[in-house]
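One structure is given here, and the rest of the page talks about it.
The values are calculated or read from the model by the stated rules, or taken from the named source; none is laboratory data. Source: prediction; values computed, not measured. Note: ideal-geometry Cβ built from the backbone for every residue, glycine included; neighbour counts use all protein chains shown.
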Amino acid sequence: MPASTRNATLIGASAVFMWGMLALLTTLTGKVPPFLLAALAFGTATVFVTLKWLLRGEDIRAHLHQPPRVWLLGVSGLFGYHFFYFMALRNAPPLEAGLIAYMWPLLIVLFSALLPGERLRWYHFAGAVVGLGGATLLITGGNGLDGFKTEFVLGYIMAGCCAFTWSIYSVLNRRFAHVPTDAVGGFCGATALLSAICHILFETTQWPADNGEWLAIIALGMLPVGMSFFTWDYGTKHGDIRVLGAFAYAAPLISTVLLIVFGKGDATWSVAAGCVLIIGGAVLAAREMLFVKPSRSHTET
């Protein structure tokens, strides 16, 4: 794997670490409803990237002046994922909805085979499946599911749409490698606006109760609902998307470990087994990046 591809993959992988912080930070935001939380977090991300543009004297119009198809993909990816996810949680039990929604890493690995110049090898697919098994253990606690109930079918469909939305966005993003990553700042702003509209339509307003909850929202906007989308954008455009898809299962692992460390979760056998499966799956999928030595240059003497 070329060094530039490896570095881009590592940059994209940093988004997974930030997404691992999402659950912990969300628990610190109190009872702020989901769409309002998304509006505030994405709004915070938009403010920070705008300040960056202004302080560095960058041409904001150049970042935002993109073809309609770029805006359609970016906004549908960021907003569409959160819209379907929140609607799934409103119409189905969180456990089942979350598990269906978290099929997106496996779908990324599978869909990547359709990209020009990409080839899906057995260890990419095997690593993704092993990672899915580990994520399932973490999400279910090893207790399995009670069975899907027909009254929750709308929520299940929404969760499936969530998985397909993010996986399709991530894979198609490779086709727009020429679009600067700073364009994501515009997508964040549009997502904040659309989330605010959904809040008005579907939720009752409840603002953060204290400074601690506001700080948690700012942290969300800076990292898992902010910088992560910029690094993921760069990684999916220039890195190995098959490795990124398999590695994405590390997010529930990191999330679970952080919740345990901060006293909001329990260490169990399913957590340990899930950790082993997720790490093993990620290593298997990334074997080409981790273990294959670069060929010696023909110019060496």
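Structure above, values below:
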{"quantity": "Filter result for Thr204 (within 19 Å of Gly80 (Cα to Cα) and of a type in the set (S, T, N, Q))", "calculated": "no"}
{"quantity": "Helices (runs of 4 or more DSSP H) contained entirely in region 1-55, each with at least 3 residues that are free of Cβ contacts under 8 Å to residues at least 24 places away in the same chain, more than 17 Å from the chain's Cα centre (by Cα) and over 17 Å from Leu244 (Cβ atoms)", "calculated": "34-55"}
{"quantity": "Subset tally (residues that are in contact with an Asp or Glu (Cβ under 8 Å, 6 or more places away or on another chain), modelled with pLDDT of 75 or more and closer than 25 Å to Ile241 by Cβ) for region 251-297", "calculated": "0"}
{"quantity": "Answer from Ala192, Ala196 - the residue that is crowded, with 20+ Cβ neighbours inside 10 Å and either at pLDDT 95 or above or not β-branched (Val, Ile, Thr) (or both)", "calculated": "Ala192"}
{"quantity": "Filter result for the condition that a residue is aliphatic (A, V, I, L, M), farther than 18 Å from Lys31 by Cβ and surrounded by fewer than 24 Cβ atoms within 10 Å (Cβ to Cβ), over Leu215, Leu223, Leu244", "calculated": "Leu223"}
{"quantity": "Test set (1) in contact (Cβ under 8 Å) with a residue 40 or more places away in the chain; (2) over 24 Å from Ala219 (Cα atoms) - Gly74 fails condition number", "calculated": "(2)"}
{"quantity": "Candidates Thr256, Thr268 - the one that is at negative phi, surrounded by fewer than 22 Cβ atoms within 10 Å (Cβ to Cβ) and in contact (Cβ under 8 Å) with a residue 12 or more places away in the chain", "calculated": "Thr268"}
{"quantity": "Residue ID - farthest from Val47 (Cα to Cα), chosen from residues in region 195-223 that are polar (S, T, N, Q) and touching a helix residue (DSSP H, G or I) at 6+ places or on another chain (Cβ under 7 Å)", "calculated": "Thr205"}
{"quantity": "Conditions (1) free of Cβ contacts under 8 Å to residues at least 24 places away in the same chain; (2) more than 15 Å from Ala45 (Cα to Cα); number of the one not met by Gly245", "calculated": "(1)"}
